[in-house]
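The values are calculated or read from the model by the stated rules, or taken from the named source; none is laboratory data. All figures in this text were calculated on a predicted structure; none of them were measured in a lab. In this analysis, Cβ positions are derived from the backbone assuming ideal geometry, glycine residues included, and neighbour counts consider all displayed protein chains. Side chains are part of the model used for accessible areas, which takes the heavy atoms of the whole protein and leaves out ligands, DNA and RNA. Shrake-Rupley method; radii C 1.70, N 1.55, O 1.52, S 1.80 Å.
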Amino acid sequence: GAVVSQHPSRVICKSGTSVKIECRSLDFQATTMFWYRQFPKKSLMLMATSNEGSKATYEQGVEKDKFLINHASLTLSTLTVTSAHPEDSSFYICSASRGASWESGETQYFGPGTRLLVL
Amino acid sequence: AQSVSQHNHHVILSEAASLELGCNYSYGGTVNLFWYVQYPGQHLQLLLKYFSGDPLVKGIKGFEAEFIKSKFSFNLRKPSVQWSDTAEYFCAVVFSGGYNKLIFGAGTRLAVHP
């Protein structure tokens, strides 16, 4: 149980185009989903937290107009990189949690990641 | 600011050697603590977690970790590593008050030689 998928696994796009990445919780309902970015040989950096049906909360330094997050249902969240540039090339990972608060003590389950290359 | 430190960036061991990976966090309040592992080409998987109770936590694949509150530490241990333990290990902390937000350490890359 607790499987999270991402689609696509890899995407190459031209500079200036937009790319949508999907994150799905396959066998549970995810109240909260998270989007991370992982730089080569570095740790995961949290970009934003989204709760189903409400606006995402972005971390400091993450442009919300560039990285659009939608969490329309309890099993699906999408990240759209708008007007992508080469510096947006990275590995994007989502995770999903059943709970919405620290007190619930819910574990995050991670997707396999999406490698984005912007030419 | 709340942060998580992993002191060993690269560790190289021979099979059957013992392993201890350090993890410290900077926060005086209540925390939930996690160790995740990322095998080559795979996604992050949960090794073990601590929320409350016994500070010595046992996880999958023979790993354990000990929460020492006075030292703000949550070190990962395994008495005898195997070649299949070659992976990157991430310590992560959820700090109290608010959403279930994980702060990750920089990760430790472990290579186990046969």
Quick check, is B:Leu76 outside any loop (DSSP other than H, G, I, E, B) and within 14 Å of chain A (Cβ to nearest Cβ)? no
Of everything in the stretch B:21-44, what is more than 12 Å from chain A (Cβ to nearest Cβ) and surrounded by fewer than 13 Cβ atoms within 10 Å (Cβ to Cβ)? Give them in sequence order. B:Gly28, B:Pro40
Would you confirm whether or not the stretch A:41-59 contains a residue that is open to solvent by 40 Å² or more (accessible area, probe 1.4 Å) and away from chain B (no Cβ under 14 Å)? yes
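Quick one: count up the residues across the stretch A:53-79 that are in contact with a Ser or Thr (Cβ under 6 Å, 6 or more places away or on another chain) and not in a strand (DSSP E or B). Step through it out loud before you land on a result.
Narrowing the stretch A:53-79 to residues in contact with a Ser or Thr (Cβ under 6 Å, 6 or more places away or on another chain): A:56-57, A:66, A:68-71, A:75, A:77.
Among the residues that remain, those that are also not in a strand (DSSP E or B) are: A:56, A:66, A:75.
So the count comes out to 3.
Within the stretch B:1-32, work out how many residues are assigned to a loop (DSSP other than H, G, I, E, B) and among the β-branched types (Val, Ile, Thr).
Quick first cut of the stretch B:1-32, residues assigned to a loop (DSSP other than H, G, I, E, B) only: B:1-2, B:6-9, B:15-18, B:22-23, B:27-30.
After this cut, where a residue has to be among the β-branched types (Val, Ile, Thr) as well, the list is B:30.
Number satisfying all stated conditions: 1.
Among the residues of the stretch B:83-102 satisfying the criterion of being out of contact with any Pro (no Cβ under 9 Å at 6 or more places or on another chain) and open to solvent by 40 Å² or more (accessible area, probe 1.4 Å), which is farthest from the other protein chains (Cβ to nearest Cβ)?
Narrowing the stretch B:83-102 to residues out of contact with any Pro (no Cβ under 9 Å at 6 or more places or on another chain): B:84-85, B:89-102.
Subsequent filtering for residues that are open to solvent by 40 Å² or more (accessible area, probe 1.4 Å) retains B:84, B:97, B:99, B:101.
Working: B:Ser84: 19, B:Gly97: 7, B:Tyr99: 5, B:Lys101: 6 Å.
Only one residue fits best here, namely B:Ser84.
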